[in-house]
């Protein structure tokens, strides 16, 4: 059964400012190596000799990133099956509906692999093995999620509690848990039934359409309408703005996953996964991104990212993030890595939106 | 009696890297305001309504800074009396000899005010009043130095011990003291007879020639020879390289001041003086240098210098220096401000001399 990778790359986070901006979000930047997370995500899903029946990628993004997407796909000689452009963001239920509806119209029996483009996976082979097992589970009528084994009491992720075992590394989902507080996160860490929700989904297109019909029929109807009115230009589909902007904004978790009786979880994945969500996380992964090696004197445990040709020197400092990009320099205590939004707010308040 | 300001601007320190480099040393950079320390020094010595009989400035520097000097003088419509270019550095005794000999040939009765171009003086009026009193003392046959009242046990400066009072704010020099250790500096701080040596000298040209003849005749002879062979191009004098490079390299303090019986000290100056010697010292003075105001969130006691158009954001940090200039970023603990040379050495070891 064919798997259609649908790669989501329309978001623009701020926690990796000044490198990640709304003009050039994190997924398109060479953050942890000399290629972008988006390009790595696409490369990870190329046809291989391992029996995975993968279609060419479907890219779903915001219209403003078309040039970036085009350029990065061309750099790797990738011909996408389609590029679906949202005129505005309407959360992940709408994205899942677009993916299910678009694939369902091409191949009703097709499987959709819906995944973010801004995560890092250190062991793509292990990831593809997990996809292969998950595909068999999904084909039997499941929406499969992927669990990551927690290595710390992270309060920034959702968690999945595994229930009945349904495959070698697959379980029915007992429940989804939202971002916990610290004490709850500690209890999850101690219980092997809990894993982090990686935000990756694998499902039969028709099953997702049916689940949407049951649990969020308005979202499905709105998305169908927006796709019906889409303007196609070769492989690029401009989703209709009027119809799409009227779609309810709700996450796939709230709209479907917490209601369906067909959720499964595969894992925990041992593929060296990271959401690359904060600067310290970047530092943990950084190999080389073509930057000039910094000069570090009596300096410990710092994450340093600079752009081409910029030299960073640090003397007598520790536990800092130093990030240089496009006329902006951020110097931050690592402990405050979740608070970059405070800088963003200050910039907005000063009208310096060109830096964002 | 005419006072000939001789402004020394040939040095290039490294403690203010990356802003101060050998290409553009500290004195030519807009560090603490929207003009350079060199331009401020020249402006401070312009003819005024206070009776000081000041000649146009004589600039003494290294040949490689001629373009910078020209441009900065032109920006303020200053016509120098002369620009004397050293082909190489031969320390301050040679500089004093050049100044005394050059002025002595024009006006043997003239007074030479020999001073650095890279210091900050917050109260130019008080400075000029001190020069006026010092001129009377110098004219009576003294080499006058200027003392600064210490406000901390600084170990980076030389000290002057005042002896017999010879004017309202003038004293014979009891002794010069080299950079002290911390305990000695504490004892100097407690004794009002000690002041910092500001490195400014006022003397009759002929007296300095006579003192050199007595205490360092080889230096005077070499400098006379180098001036005799100088190539003049309008007001610009290229001091002869062969002759000048043969001059002994020794400081004015060792060569003359510690031996002469005619040393005096005026002061202590209350003119808000700073040698702008380290990044924290820059921070203490900084008003505006045209830079974008940094975004500071939960950030205390940091000195931030960025170039035009560069935005610095700091989050959750304290006691840091953050300096951005021409493709280089320095992040340093303020406590390590004297150790910038370690960064310079590392850059040299890596062959990154274009950054220096």
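Can you work out the FRET efficiency for the pair residue A:77 and residue A:285, with r the C-beta to C-beta distance and R0 = 25 Å, to the nearest 0.05? Using R0 = 25 Å, I get an efficiency of 0.45.
Residues A:341, A:12, B:117, ranked from the fewest to the most other C-beta atoms within 10 Å, line up as A:341, A:12, B:117.
Counting, for every residue in A:301-307, the Cβ atoms of other protein chains within 10 Å of its Cβ and taking the mean gives 1. Against chain B, whose longest principal axis comes from its Cα atoms, helix B:217-228 is set at around 80 degrees. With neighbour counts taken as other beta-carbon atoms within 10 Å, the residues B:26, B:334, A:109 rank, fewest first, as A:109, B:334, B:26. Shortest first, residue A:107 label-point distances to identical copies amount to 9.3 nm, with the label point at 7 Å from Cα along Cα→Cβ. Stretching residue B:272 away from residue B:67 to a fully extended chain increases their span by 70.8 nm, per 0.36 nm per residue minus the current alpha-carbon distance. Could you tell me which of rounded, prolate or oblate describes region B:3-274, using a ≥ b ≥ c as the square roots of the eigenvalues of the alpha-carbon gyration tensor, with rounded for a/c under 1.5 and, failing that, prolate when a/b is larger than b/c and oblate otherwise? Verdict is rounded for region B:3-274.
Please compute one quarter of the surface area of the Cα convex hull for region B:291-355 and express it in square nanometres. Averaged projected area of region B:291-355's Cα convex hull equals 4.7 nm².
Taking every residue in A:321-329 and counting other chain Cβ atoms within 10 Å of its Cβ, the average works out to 5. With a cut-off of 17 Å, note down the residues of region B:92-108 whose backbone N falls inside the zone around a label point 7 Å from the Cα of residue B:221 toward its beta carbon. Backbone N within reach: B:94, B:97-98.
Placing a label point 7 Å from Cα along the Cα-to-Cβ direction at residue B:326 gives distances to the equivalent points in the other copies of 2.7 nm, listed shortest first.
Expressed to the nearest 5 percent, the antiparallel share of DSSP beta bridges inside chain A is 50 percent.
Label sites at residue A:353 and residue B:338, each approximated as a point 7 angstrom past Cα along Cα to Cβ, lie 5.0 nm apart. Here the label points at residue B:192 and residue B:172, each 7 Å from Cα along the C-beta direction, are separated by 2.1 nm in the simple model.
Just how far, in whole angstrom, is region A:118-141 from region B:72-116 if you go by their alpha carbon centroids? So the two Cα centres are separated by 77 Å. Over what distance in Å are the Cα centres of region A:174-200 and region A:1-55 separated? Taking the Cα centre of region A:1-55 as reference, the centre of region A:174-200 is 25 Å away. Helical content alone sets the calculated 222 nm signal of chain A at -8500 deg cm²/dmol, taking -39,500 (n - 2.57) per DSSP H segment of four or more residues and averaging over every residue. Calculated on C-alpha atoms, the gyration radius of region B:196-344 divided by its Kirkwood radius gives an Rg/Rh of 1.13.
A crude spin-label estimate for the pair residue A:89 and residue A:235, with each label 7 Å from Cα along the Cβ direction, gives 2.6 nm. Among beta bridges identified by DSSP and lying wholly in the protein assembly as shown, the antiparallel ones come to about 45 percent. Counting from the shortest, the label point at residue A:122, 7 Å from Cα toward Cβ, is 5.3 nm from the same position in each remaining copy. The calculated FRET efficiency for the pair residue B:296 and residue A:318, based on their C-beta separation and a Förster distance of 25 Å, comes to about 0.80. Every pair of different Cα atoms in the protein assembly as shown enters the Kirkwood calculation, which places the hydrodynamic radius at 30.2 Å. For residue A:1 and residue A:214, the difference between the fully extended length at 0.36 nm per residue and the C-alpha to C-alpha distance is 74.2 nm. Note: relative contact order over chain A, using C-alpha pairs below 8 Å and six or more positions apart, is 22 percent. Ordering A:118, A:50 from the fewest to the most neighbouring beta carbons within 10 Å gives A:50, A:118.
FYI, it's all coordinate maths here, none of it is from the lab. No experiment lies behind these values; they were computed from the predicted model shown. Every residue, glycine among them, receives a Cβ derived from its backbone with ideal geometry; neighbour counts consider all protein chains shown.
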